[in-house]
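Shown next, in structure tokens, is the structure this report addresses.
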Amino acid sequence: MLFSNNHASKDFHIAKSSDLPMHKVTSYGSWAGDTLYRNILFKNFVANKTACGAPQTIFKINEYDSDYIPIQNFEYSEFENVAEEAMVDFMDPPEEWRGRKTCVGFPCTAPSNVVMIFQRSSYRG
């Protein structure tokens, strides 16, 4: 799941149980965030489903990130034996995100504005 930056956060170690998933975003995005992934090997992603039928892709956005996703920077990434259909699973912004308060005056279009930059990366197989 790609990184995101948000105005509010949750405790790093959540102390009590919740019906909500740990990755549920409940605030608007913070601008000027930065990400850097370095020296990662992605190997043998050959299908977009596991043997049990669960989705399996290398890159996915958090389905709760409605406002802003910072640029995702990758350096020295290696892709070995990775099927094209197993690369990304990005969604379209749901219609119900129009006019949400968490987007602070902008349409909530984060899933449509993902930028990933790969430098000095390779693809084999």
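At a glance:
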{"item": "Förster-model FRET efficiency, 22 Å R0, ASN81 and LEU36, C-beta, rounded to 0.05", "result": "0.35"}
{"item": "From phi via Karplus (6.51, -1.76, 1.60), per-residue ³J(HN,Hα) for the range 49-64 in Hz, x at Gly/Pro", "result": "9, 6, 4, 8, x, 7, x, 9, 9, 6, 10, 8, 9, 5, 5, 9"}
{"item": "Per-residue ³J(HN,Hα) for the range 70-79, Karplus 6.51 cos²θ - 1.76 cosθ + 1.60, θ = phi - 60°, Hz, x for Gly and Pro", "result": "x, 4, 9, 9, 10, 10, 6, 7, 10, 10"}
{"item": "Amide H partners (placed H, <5 Å) of THR35, local residues excluded", "result": "ASN73"}
{"item": "Likely footprinting exposure, VAL82, VAL115, fewest C-beta neighbours within 10 Å first", "result": "VAL115, VAL82"}
{"item": "Against the rule of thumb 2.2 N^0.38 Å, how large the Cα Rg of the range 35-124 comes out", "result": "1.26"}
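Every number here is computed from the coordinates shown, using simple stated rules; none is lab data. The structure presented is a predicted model; accordingly, all values stated were derived computationally and were not measured. Note that each Cβ is placed from the backbone with ideal geometry, even for glycine, and that neighbours are counted across all protein chains shown.
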